[in-house]
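Some notes on the structure that comes next.
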Amino acid sequence: MAACMLSFYHMPEETIASFSVRRLAVLDEKGNIDESLMPPLSDGEIKRLYETMVLARTFDQRALSLQREGRIGTYAPIAGQEATQVGSALALEKSDWVFPTFRENGVYIAVGHPPHMILQYWGGDERGLKIAEDLHIFPVSIPVGTHIPHAVGAAMAAKYRGDKIGVIAYFGDGGTSEGDFHEALNFAGVFKAPVVFICENNQWAISVPREKQTAAKTIAQKAVAYGFEGIQIDGNDIFAVYKATKDALAKAKRGDGPTLIESYTYRMSDHTTADDASRYRTKEEVEAWLPKDPILRVKLFMEKKGLWSDEYQKDLEAKTKAAVDEAERKAEAVEHAGPRDMFAYTYGKITGRQRKELEDF
Amino acid sequence: MPQLNMVQAINLALREEMERDGDVVVLGEDVGKNGGVFRITEGLQTQFGPERVMDTPLAESGIVGASIGMAAYGLKPVAEIQFLGFIYPAVDQISNHAARLRSRSRGRYTCPLVIRTPYGAGIRAPEHHSESCEAIFCHMPGIKVVMPSSPYYAKGLLLSSIRDPDPVIFLESTRLYRLMKEDVPEGEYVVPLEQARVVQEGKDVTVISWGFMLHRTLQAVEGFDAEVIDLMTLNPFDEETVYKSVRKTGRVVIVCEAPKTGSFASELSASLAEEMMLHLKAPIARVASYDVVLPLPKLEDYYMPGTERIRKALAEAMKY
Ligand SMILES: Cc1ncc(C[n+]2csc(CCOP(=O)(O)OP(=O)(O)O)c2C)c(N)n1
Ligand SMILES: [Mg+2]
């Protein structure tokens, strides 16, 4: 009987995948830029970025005071996130599509949805979400994360039709925990959809801090698992936001697939007007973000370039205030829709039962 | 005896049951440090620690799915879904797993979990914060659906729900949270599931309701000799109490907050038509919300049944 022969093979463990995550910043807190990274922007375009951020902030402050006076309902402020929202939205072309959340008023304003309609919506009137025919921005998604696959689907449809457009989906850090976020990224990778995922990582999902949302070091790296690039950017640096978004949209339109952009920023206000953030985060933490203000650093930059003066600022503030006054006036002048409006859009055609129900009015 | 509102009563129920039973754990979005967006779980994390009162990632399917695993392992999880309108990502977990685990394993595994979630319109909330889709869960054999109408009953029903061997959806009206206070005993008392209560006796017409709508109903019945029933558990519902009343009055009005088509009022109405037809003097009436997408605050008062609509249905029934 032959002796049992044991052979020993050498099977070394090897690393078969590894990854790294890039972080992009162009403009620092003091208003200095890295020329080599600065996107090509004319003086006029730089002013437009700045002025739109100022408008978004002024609008936001007004909405908060209208809420306090009981003139609109619960409101989700954007303070601190103006660069992320305005910088990415102004990188869009008119034909691109956008899928926002409930905290994207800066995006709506930048793409040209009338501010009075935004107030109308938060005042409890659905007609404020009726988007103009030539704008391709979806209505606010209040369900967190579940709108992200829609962006992928729209991108797949554009690819199918051969339309050279890009699509942006916005969502928060909290949104990355929903299953639909992962399904959306997976679809985008598999179908090489021309979509850009912009995660506004504002460090909080109501009271849950970013590190309790995911054990991963960055949100950007989640793209790696789905086969495409994720990049982290300084979300309070509008030039970085603009550049990363432009590049990602160009890549999408070239047919090179999706990108995840983690825009690292901070929610300076309460989650909404129904929240009290002092229950779960410290004043010190909020104050540490004050010098990183997204508007302040552009002002410092413009000042160095001779694009900013006290007079310019005064003019701008007067113009902005007038625009927000006008939005408030228009929103409040809108006639009440009346109960029949509830029935008008449930289906393309009113049903028999609805017609009967309408007799109550 | 302390006078408590519904928020405090539910908080007390959770606290006392956690003190009694180390297997009860609480999980959900913002339930720990923040004490829940309605403060229902306030103070629980401080008292019982973050291992027992867990702030979860923002994922409803994850919350319910993990709760099912915990329940099967032997714990008694009480999961919070922040608003009923956000429960939909978890519906697969509820319907395909929680509802069926006992049946699919022929009793080897069970799923004693509670999903608490605020529901209902009328608080001027943003979109998706006002749903009343209880009927969906009544259409899942294996799931019990409980809807308390006051602080006292909320506490007693929640204790029964936590101790129940099967999964329970426990729906709390946001409108009722701070609407009223009543005597809520400290310590143990339970209000049994699957039992309705006669809130007010009457001879002419039976009015059935649950949750917030019970209070509208009680206002509306003034001037009618109405017997008012608070259903409390929707599925399985207390047929005996309901039929006994209908046998007496011969008239029924059902008041619910959900849109009429496919609502739980429809199930009650169908059951009454099957069982009580020969006792009825008048057609069964459902007073429900309209069959439209739930409107934003500017229109929500038109949407929900008001006392006028309930009174109209009562007057109509009394014509027979
Ligand atoms: C599916 C779903 N679950 C829960 C909620 C309640 N909710 C609204 S916003 C929010 C936190 C969102 O955090 P994040 O995604 O980081 O966005 P941010 O609010 O910071 O902009 C929660 C839990 C919701 N709207 N949708
Ligand atoms: Mg966030």
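The values are calculated or read from the model by the stated rules, or taken from the named source; none is laboratory data. Everything numeric in this text was worked out from a predicted model, so none of it was measured. Quick reminder, even Gly has a Cβ in these numbers, built from the backbone with ideal geometry, and neighbours come from all protein chains shown. To get the accessible areas, we keep the full protein, side chains included, count just its heavy atoms, and leave off ligands, DNA and RNA. Shrake-Rupley method; radii C 1.70, N 1.55, O 1.52, S 1.80 Å.
Summary table below
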{"quantity": "Only listed residue being open to solvent by 10 Å² or more (accessible area, probe 1.4 Å) and part of a helix (DSSP H, G or I), chosen from A:30, A:47", "calculated": "A:47"}
{"quantity": "Residues that are in contact (Cβ under 8 Å) with a residue 40 or more places away in the chain and small (Gly, Ala, Ser), drawn from region A:254-286", "calculated": "A:255, A:257, A:263, A:269, A:274, A:277"}
{"quantity": "The lone exception for residue B:79 - which of (1) in a helix (DSSP H, G or I); (2) closer than 22 Å to residue B:148 by Cα; (3) within 20 Å of the chain's Cα centre (by Cα); (4) more than 14 Å from every other protein chain (Cβ to nearest Cβ) it fails", "calculated": "(1)"}
{"quantity": "Candidates B:166, B:204, filtered to the one that is open to solvent by 10 Å² or more (accessible area, probe 1.4 Å) and farther than 26 Å from residue B:276 by Cβ", "calculated": "B:166"}
{"quantity": "Residue A:141 vs. criteria more than 30 Å from residue A:28 (Cβ to Cβ), more than 16 Å from ligand 2 (Cβ to nearest atom) and of a type in the set (S, T, N, Q)", "calculated": "no"}
{"quantity": "Residue within region A:59-75 that is within 14 Å of another protein chain (Cβ to nearest Cβ) and in a strand (DSSP E or B) present", "calculated": "no"}
{"quantity": "Inter-residue pairs, beta-carbon under 8 Å, first part of a helix (DSSP H, G or I) and in region A:205-220, second small (Gly, Ala, Ser) and away from ligand 1 (no atom under 11 Å from the Cβ), 6+ apart", "calculated": "A:220/A:230"}
{"quantity": "Contacts under 9 angstrom Cβ, first residue in region B:197-215 being among the acidic types (Asp, Glu), partner open to solvent by 10 Å² or more (accessible area, probe 1.4 Å) and part of a loop (DSSP other than H, G, I, E, B), 6 or more apart", "calculated": "B:204/B:224; B:204/B:225; B:204/B:251"}
{"quantity": "Single residue of region A:325-344 satisfying the filter (touching a residue at least 12 places away in the same chain (Cβ under 8 Å), more than 10 Å from chain B (Cβ to nearest Cβ) and acidic (Asp, Glu)) that is most open to solvent (accessible area, probe 1.4 Å)", "calculated": "A:332"}
{"quantity": "Helices (runs of 4 or more DSSP H) lying entirely in region B:1-75 (those with 3 or more residues that are charged (D, E, K, R) and at pLDDT 95 or above)", "calculated": "B:6-20"}
{"quantity": "Selection within region A:182-235 - open to solvent by 40 Å² or more (accessible area, probe 1.4 Å), touching a helix residue (DSSP H, G or I) at 6+ places or on another chain (Cβ under 9 Å) and not basic (Lys, Arg)", "calculated": "A:182, A:183, A:186, A:187, A:190, A:191, A:225, A:226, A:227, A:229"}
{"quantity": "Elements of type helices (runs of 4 or more DSSP H) in region A:257-344, at least 2 residues being modelled with pLDDT of 95 or more and within 16 Å of ligand 1 (Cβ to nearest atom)", "calculated": "A:283-289"}
{"quantity": "Among residues of region A:103-122, those that are buried (at least 23 other Cβ atoms within 10 Å of the Cβ) and under 22 Å from residue A:343 (Cβ atoms), counted", "calculated": "2"}
{"quantity": "Scan of region B:266-304 for residues that are more than 20 Å from residue B:210 (Cβ to Cβ), away from chain A (no Cβ under 12 Å) and in a helix (DSSP H, G or I), ordered by number", "calculated": "B:274, B:277, B:278, B:279"}
{"quantity": "Residue, most open to solvent (accessible area, probe 1.4 Å), within region A:345-359, restricted to residues that are part of a loop (DSSP other than H, G, I, E, B) and either of a type in the set (Ser, Thr, Tyr) or in contact (Cβ under 8 Å) with a residue 12 or more places away in the chain (or both)", "calculated": "A:345"}
